[in-house]
Amino acid sequence: MSCAAGAGEAARETAAPRHVDVLLRELAPLGIDVIFSSDLVPPELVEPPPREGATPLQRAKDALAAHGLALREIAPNKYVVVRESPAQPVTPTEAPIEVISVYASRYSISSPGVTGPLELSSGDIEVVPGSHDDALRALKTLPGLASNASGRPYIRGSLADDVLMRYDGITLIDPFHLKNFQSLISAIDPSGVERIEVFSGGFPVRYGTRSGGVIDVTAPEHHAGYENRAAVSLISAGLSTIGHADNLPLDWLFAVRHSTVDLLEPVEDDFGKPQFSDSLGRLRWGTEHGAWTLGWLLLDDRIELGNEGDAETANATYRDEYLWLARDHEFDRHLRTRVTAVVTSSDRHRTGMLNQPGVATGSLDAALEYDRLEASNLWIYEPRAGTTYTFGAELASSSADYDYLRAATFDPQIAAGFGRPVTNDLQYIVEPRAFTYAAHAAMRRQWASFEGELGLRVDGQHYNLGGDHSQFSPRLNLRYDFSDRVRMYASAGRFTQAQHVEEWRVEEAQAAAESAQVSLHTILGLTYEASDSTRWGFEAYTKRWTTVVPYFDNLLDPLSLTPDITPDRVRITPTESEASGLEVNVRRQFNSELSGWGTFSWSRVADDIEDADNLRSWDQPVAATLGFAWQRSRLSLSALGSWHSGWPRTPFELTQPSNGEAGGIVLAHRNAGRWKDFYTLDLRASYNWPLPYADLSVVLEVTNATNHGNQCCAALELSDTGNFFESDTDHWLPAIVNLGFSYRWRSRD
C-alpha cells in the first residue's frame, strides 16, 4: 500500500535472477503482503530467468511456479505461499495453510477478520498519513484507540501507562521521545518495523504486567542479501541497514536517526529546541535448531522548551538503554522454547519554571535513575494438530532512585477556587525496590468450527516499601466459525497491573506500593466477509476496574510544560471505573488501484468517585475515521479523516471584583462540559523513482491539512488592571507539513 515501482523497474532487472524469498519480501513496499515459511521458500531458492516486462508480482509468481509453489490470495493484496502440483493447479480448498490462533480485539488495517494473522504490516503502515517518521501513528486508523498530539494512544479508556509496549518480544518502558511533553514520537525507527499487532482487550496470558492493552512490534528480517536506506525529513534524518551475511548464518538490523525539527523553524516561533536521537540494532545468529539474538535500543533526548519571559519554560534530558539476549530453540516439530534476558537502564532529569504574575509562580527539579534486570522463558508444545499448550515464567529485579524538589505559590483567590493551599512545596527522596515473578499456562484446542483457549497467570511482587503482593488472572478466548465468511468470537478475563518502581508518585510523596490495579474484560465480536474485497467487523466490550490506582490530571491545561506546579493539578482517586463501547470497522478494495477503510465507535469511560460518575478526560462518546488510498505505478496518494466528540472539559466562571474583593474563579464539576467536536484531515503523497538495485522516493505529509483549531485547554492570566482574571482558549496542533526523502539500495543477487 505504498508507492509501487512500475514495469520499467522490472524490465531493467530482468537480466538479474534473484533469490525467491527476496522477491517476496520486496513486494511489501508495493503494498503486497506475502506470508511464507523458510521450509517452503528456503534462502537458497533462486528464480529462473525472468520474463521481460513482468511486474514484480508476476515475477514472484513465476519464480514460485518454477519450484512447484504458488501464491494464494487470502485478502486484498495479501497472499500465502502454498504447494502446487505443476500439472494441476491447487484449488483454494486444497491449499494447506497453517492454523494461526487469533484473539478478540486484535485489529489490522489490511485484514480485519479473525481467520489470519491480524497485523499492520510495513506496507499497511506506510500508507497512513503521518507515519513516515513514526510507525505507531498508523494506530490512529483503528477503533477503540484515542489520541491527540501524542504518539502514545489510550486504548479503550485505559491510561496510556496501562498499555504494554513490546519490540522483538521484549518489554519496553515508555519508549517515546519528549516524555512529559505529550510523548510526541515513538523511539522505534520505522525501518525497524516489520509489523505491529494490537490487542485492545482479551489478550492471552503470556502478555502480562499491564491491564489495558498490548502493542507488539515485530522486527524485520532478511534471508539473503542486504538493503540500506538513507532518509531525511523535516522531523528526523537517519541511516539503516538490514541484511544477511553471504557466508555466515548471521542477519542484522541497524538503524540510527537524529531529529531535524530543532534545526528548522519550529511550529511556533521561538518555542524551543527539542532534540532527540535513537539507535536500534539486532544481530541474529542461526543454529541448526534455532537462533541467538542480541538486540539493543538507545534513546537520547535534550529538550529546551519556552524562552525567557514566557509563562512556562522547561528543560529535560532523557537517556534510556535496552539490551537483550534471546535464545530460540526448536527440539522437534512439537516442542520449542524461547529464553530472554533483558537489561534496562534509564536516567531522566527535568526542570521547569512557572511565572504567571498574579496567578501562580513556581519551580521544579526532578531526577530519576531506574534499572531493571529481567529473565523470561516461554515454552510451546503442540502434541497434535489443533492442540497447543503454552507455559512460561518471568523473573525481574528493579530499582529506582528519585530526587524531587518542588516549590509553588498561588494567588489566594486562585488557590481558593481550586481548593489548594497558597503554597505547594515538596522535597522528597525515595528509593523503591521490587522483585517480581510470574508464571502462566494456557491450553488451546481447535475442532472443525470451534476454537477455545483457557489460560491462567499468576503474578507476584516483593517491595522494599510495601511488602508482598500477588494476583491471579484467569482468561478465556472462544471462536466459532458459522461459515467461511461469518465468524463469532468471545473473550472474558481478569487482568492485573502491579505498580512499577518507576511509576512512584513522588509528587505526592508516596510512601508504599499500591495494590495492583485489577480490570475485568468481556468482549463479543462478529466478522463478516461480504465478498473477497469487503470485510466487516463488529465488536462490543466492557472493561471494569474493580481496583484503580490513583492518577493525576490537570483540569484546565493538559498541555502545561510544568503540570506538577500548576494550580489546576488534581489527584483522581476512583473506587471503581468502567469503559464500555461498540465498534464497527469495514475494509474495501474497490479495484487494483483504490482501497478504503472506515471505523465507527460508540464508547464511554468514567471513574466512580464518591458514588458519582466522573468522565475520564479522554472519553469520546462517538468517533469515526474514513480513509482512502490510491496507487498507480510510481505515485501513491492517501487521505485520512478523523472526527470524534469534543474532549471533556471542566467549565468555570471568572467572577468580577465586588465589595472591595478581587475577582476569582468558580469551578463546575470536573469534566462536566465538552470542547467543540474534534476533527482533522491528514494527507499523504509519495512518488518513487526506480533505479537499478535502488530507488529514490519523496513523501509529503500534511497533518490537520485544514488547519482546524481543535480546542484543548484554557489558560488563566491576570487582567491589565490587576484585580480580576481573564482566560484564553488554546488549541491542539495546527497544520503541520512534513517533507521526506529516502534513498534505498540493495545487494545484487
Requested in this report: Report the local net charge at Gly467: Lys and Arg +1, Asp and Glu -1, summed over other residues whose C-beta lies under 14 Å from its C-beta.
Outcome: -1
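Give the order of Leu739, Leu164 when sorted by the count of other beta carbons within 10 angstrom, beginning with the fewest.
Values: Leu739 14, Leu164 20.
Ascending Cβ contact count within 10 Å gives the list Leu739, Leu164.
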Report task. Can you tell me the FRET efficiency between Trp745 and Ser633 if r is taken as the Cβ-Cβ distance and R0 is 22 Å, rounded to the nearest 0.05? Result -> 0.60
Query raised in the report: Taking neighbour counts of Cβ atoms within 10 Å as a proxy for exposure, in what order, fewest first, do Val163, Val698, Val622 appear?
Result: Val622, Val698, Val163
Requested in this report: Neighbouring Cβ atoms within 10 Å as the yardstick, rank Tyr541, Tyr480 fewest first.
Outcome: Tyr480, Tyr541
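Please state the relative contact order of the chain as a whole percent: Cα pairs under 8 Å, 6+ residues apart? Intermediate values should be presented prior to the final figure.
Numbers: 2096 pairs, mean separation 82.2, N = 749.
Relative contact order here is 11 percent.
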Query raised in the report: Going by the alpha-carbon gyration tensor, a ≥ b ≥ c the square roots of its eigenvalues, is region 177-233 rounded (a/c under 1.5) or, if a/c is not under 1.5, prolate (a/b greater than b/c) versus oblate?
Result: oblate
Report summary line: Longest principal axis of the chain (C-alpha) makes with the long axis of helix 56-65 (C-alpha) an angle, in degrees to the nearest 10, of 50 degrees
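No lab work stands behind these numbers, since they all come straight from the coordinates. These numbers come from a predicted model, not from an experiment. Because the Cβ atoms are built from the backbone with ideal geometry, glycine has one as well, and the counts that use them run over all protein chains shown.
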